[in-house]
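Asker: To start, I am sharing the structure in question, which I have written as structure tokens.
The values are calculated or read from the model by the stated rules, or taken from the named source; none is laboratory data. From a predicted model like this one, the values you see are computed outputs, not experimental measurements. All Cβ positions, even for glycine, are placed from backbone atoms using ideal geometry, and neighbour counts span all protein chains on display. In case anyone asks, the SASA skips ligands and DNA or RNA and just uses the protein heavy atoms, side chains included. Shrake-Rupley method; radii C 1.70, N 1.55, O 1.52, S 1.80 Å.
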Amino acid sequence: MFALSSGIPPAAIGVVRVSGPQAGEVLRQLTGRLPEARRAVLAELKDMSGAALDRAIILWFPGPATATGEDLAELHLHGGRAVVAAVETALGALPGLRPAVAGEFTRRAFLNGRIDLAEAEGLADLLAAETESQRVQALGMASGHVSRAVEAWQEELLTLMAGAEAELNFADEDDVEVGDAVAQRLIAGMGALAIDLGEWLARPAAEVISEGLSVVIAGPPNAGKSTLINALAQRELAIVSPVAGTTRDVIETPLALDGIAMRFSDTAGLRGEGADAIEVIGIDRARAAVDAADILLWLGPPKDAPEHRRCILVAAQADRWRGDAAAEAASARCDVTLSATTGEGMQNLHRHIVEMARTLLPREGEASLRQRQRAALAEARDWLAVEVGSREAGDLILLAERLRLASGVLDRITGRAGVEDMLDTLFGRFCIGK
């Protein structure tokens, strides 16, 4: 198979990758020779008729120590559209060679054991990363942070399973520990491992980083919500009007603050009376958005703020109420005083949002898990949780079965078992050249 693995032409260089048992023969057909392994060589490429295609850098990587685990060839071409198209046409004319499908290079790397499933998921996230926090998180997963943790857990499980197996099958041997001490040791080891898994589950989910934190702007009508989201987005995203009820739906825009992906939402003004039927629907959606928000920006009287774990009280429209004693007193109870129109306080609001957002993200160097991985880890933890004094706690056969089941669930994280049903979905996220 072959594909363009660099950016869409035109570009300075176009890298075409060929993977499979015919990769070496492809180089011979195009250049008349097979270069020394892992050494860049300048060569003239020619098609089957002998017509020149390009002067390019070629590289030869014999398997299995390659990105895909197979023989691999790379053609570093001049990156013009015509050059790349001509080379792809020539490759398509060679017998036994076909264009790759989306994600096929990475899928072959997985199937050939060059990467595991968690690393493949991290690579997919890395390709889609748009912010610094997304890049750091995805790079950690692609580099094997989660995989190494799973490997360590599996080693602990193997040690525990070996102890159970020794008691069940070799209790008559002099050097094998027997009796209640074995079960107690197993339960203690399973409990310690369950605690470790629980600590990983307590970390923020990876989706918080990849999909962005939800920041909802809410408050009564004419509180300055639409003006604020326009100022944050630096464009006219929402209609600003003194007429109450102008905003009737949730208006969302993605933004990145200090490298953190966020989704800011402007909502309908919350009021109990005077709203027509359409506005009532918008108010219901606004309340639902407030409930689901990771961070709430409340632009109303502090006493009316909804119950929310992460709420920033904002005294907005400062340019309008300066000098009003009552308004000045109310603003003193808020976290931020600002005017989105003049820019006053915007930097302070920015700081408050970022500081609160960082409490929702993994700490530096700390890996987090995707929903699929979290579900598997939670199931493994449940298999390891045995109540002391229960009937199971004294039955080595049941304890050994729990250990076996926990190990099988952990294998799903790295793709060693039970993942065929989701491989197509995962690798379909990649571009053709990956």
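Asker: Taking the Cα-to-Cβ direction at Gln184 and at Arg416 and moving 7 Å from each Cα, how far apart do the two end points lie in nm?
Answerer: 3.1
Asker: May I ask you to derive the relative contact order of region 1-121, considering only C-alpha pairs under 8 Å and at least 6 residues apart, and to give it as an integer percent?
Answerer: Numbers: 227 pairs, mean separation 33.8, N = 121.
Once normalised by length, the contact order is 28 percent.
Asker: With each run of n ≥ 4 DSSP H residues scored as -39500 (n - 2.57), what mean residue ellipticity at 222 nm is computed for the chain after dividing by its residue count and rounding to the nearest 500 deg cm²/dmol? Can you show the working numbers first?
Answerer: On the way: 16 runs with 196 residues, N = 434.
After summing the helix terms and dividing by residue count, I get -14000 deg cm²/dmol.
Asker: For the chain, with a Gaussian network of springs between Cα atoms less than 10 Å apart, report the residue from Glu165, Glu379, Glu211 with the top mean-square fluctuation.
Answerer: In this elastic network of the chain, the residue with the biggest mean-square fluctuation among Glu165, Glu379, Glu211 is Glu165.
Asker: Have a look at Val208, Val280, Val136 and tell me which one the Gaussian network model of the chain (Cα, springs below 10 Å) gives the largest fluctuation.
Answerer: Result for the chain, Cα springs under 10 Å: Val280 fluctuates most.
Asker: For the chain, which whole percent of the accessible surface, found with a 1.4 angstrom probe, sits on carbon and sulfur atoms? Don't skip to the answer; put the middle values down first.
Answerer: Working: 11150 of 21310 Å².
Using a 1.4 Å probe with all protein chains present, the chain comes out at 52 percent carbon and sulfur.
Asker: Then there's this: What's the extension gain from Leu127 to Asp304 if we count 0.36 nm per residue and subtract their Cα-Cα distance? Mind dumping the intermediate values first?
Answerer: On the way: separation 177, 0.36 × 177 = 63.72 nm, distance 4.33 nm.
Extending this stretch completely gives an extra 59.4 nm.
Asker: To the nearest 0.05, what FRET efficiency results for Ala40 and Ala11 with a Förster distance of 30 Å applied to their C-beta separation? The partial results should precede the final answer.
Answerer: On the way: r = 18 Å, r/R0 = 0.61.
Plugging the Cβ-Cβ distance into 1/(1 + (r/R0)^6) gives 0.95.
Asker: Ordering Ser143, Ser5 by accessible area with a probe of 1.4 Å, largest first, what comes out?
Answerer: Values: Ser143 60, Ser5 35 Å².
Ranked list, largest accessible area first: Ser143, Ser5.
Asker: Given the C-alpha centroids of region 287-366 and region 109-144, what is the distance between them in whole angstrom?
Answerer: Centre-to-centre distance over Cα atoms comes out at 35 Å.
Asker: In nm, what is the difference between 0.36 nm times the number of residues separating Glu156 and Leu201 and their Cα-Cα distance? Kindly include the intermediate steps, with their values, before the conclusion.
Answerer: Details: separation 45, 0.36 × 45 = 16.20 nm, distance 1.83 nm.
Gain on stretching Glu156 to Leu201: 14.4 nm.
Asker: Another question about this same structure. Measuring with a 1.4 Å probe in the full set of protein chains, what accessible area per residue, in whole Å², belongs to the chain? Before the final figure, lay out each step's value.
Answerer: On the way: 21310 Å² over 434 residues.
Here the residues of the chain average 49 Å² of exposed surface.
Asker: Next up: In debye, nearest 20: dipole of region 79-141 around its Cα centre with unit charges on the Cβ of K, R (+) and D, E (-)? Before the final figure, lay out each step's value.
Answerer: Details: 6 positive and 8 negative charges, 72 e Å.
My answer is approximately 340 debye.
Asker: Check each of the GluC sites (Glu not before Pro) in region 249-302 and keep only those in coil by DSSP with at most 16 other C-beta atoms within 10 angstrom; list them in order.
Answerer: Numbers: sites: Glu252, Glu273, Glu279; in loops: Glu273.
Passing both the DSSP loop test and the Cβ count: Glu273.
Asker: Can you tell which of Pro306, Ala52, Asn112 lies farthest toward the positive end of the dipole of the chain, using +1 and -1 charges on the Cβ of basic and acidic side chains (Lys, Arg; Asp, Glu)?
Answerer: Ala52
Asker: Compute, for the chain, the length of the dipole vector about the Cα centre, with Cβ point charges of +1 (Lys, Arg) and -1 (Asp, Glu) only. Units Debye, rounded to 20.
Answerer: Values: 43 positive and 62 negative charges, 400 e Å.
Result for the chain is approximately 1920 debye, rounded to the nearest 20.
Asker: Mind sorting out which of [x] 165; [y] 224; [z] 152 is the real volume of the Cα convex hull per residue in Å³ computed from the coordinates?
Answerer: The listed entry that was calculated here is [y].
Asker: Anyone know which of Thr31, Thr131, Thr414 comes out most mobile in the 10 Å Cα GNM of the chain?
Answerer: Answer for the Gaussian network model of the chain: Thr31.
Asker: Moving to a separate point now. With a cut-off of at most 10 other beta carbons within 10 Å, and DSSP calling the residue loop, which trypsin sites (Lys or Arg not before Pro) in region 307-410 qualify? Please list them. Don't jump to the answer; show the numbers that get you there.
Answerer: Working: sites: Arg309, Arg310, Arg320, Arg322, Arg333, Arg351, Arg358, Arg363, Arg370, Arg372, Arg374, Arg381, Arg391, Arg402, Arg404; in loops: Arg309, Arg310, Arg322, Arg333, Arg363, Arg370, Arg391.
Passing both the DSSP loop test and the Cβ count: Arg309, Arg363, Arg391.
Asker: Same structure again: Run the numbers on the chain and let me know its relative contact order in percent, using alpha-carbon pairs under 8 Å that are six or more apart. Numbers along the way, then the final one.
Answerer: Details: 758 pairs, mean separation 74.8, N = 434.
Over the chain, the number comes to 17 percent.
Asker: By accessible area of protein heavy atoms, probe 1.4 Å, what ranking do Glu151, Glu156 get, highest first?
Answerer: Values: Glu151 105, Glu156 80 Å².
Correct descending sequence by accessible area is Glu151, Glu156.
Asker: While we're on this one: Tell me the accessible surface of Glu44 in square angstrom (1.4 angstrom probe, heavy atoms of protein chains only), to the nearest ten.
Answerer: Ignoring ligands and nucleic acids, Glu44 comes out at about 80 Å².
Asker: Next up: Under a plain spin-label model, where a point goes 7 Å from the Cα along Cα-to-Cβ, how far apart in nm are Ala166 and Glu366?
Answerer: That separation, rounded to one decimal, is 3.6 nm.
Asker: Let me ask something else about it. Just subtract the alpha-carbon distance of Ala292 and Gln234 from 0.36 nm times their residue separation and send over the number in nm, one decimal. Display every interim value, and only then the final one.
Answerer: Numbers: separation 58, 0.36 × 58 = 20.88 nm, distance 2.49 nm.
Contour length minus Cα-Cα distance gives 18.4 nm.
Asker: Using only the Cα atoms of region 253-360, build the gyration tensor, take square roots of its eigenvalues as a ≥ b ≥ c, and label the shape rounded, prolate or oblate: rounded if a/c is under 1.5, else prolate if a/b is larger than b/c, else oblate. Display every interim value, and only then the final one.
Answerer: Details: a/c = 1.71, a/b = 1.04, b/c = 1.64.
Judged from the Cα gyration tensor, region 253-360 comes out oblate (a/c at least 1.5, b/c at or above a/b).
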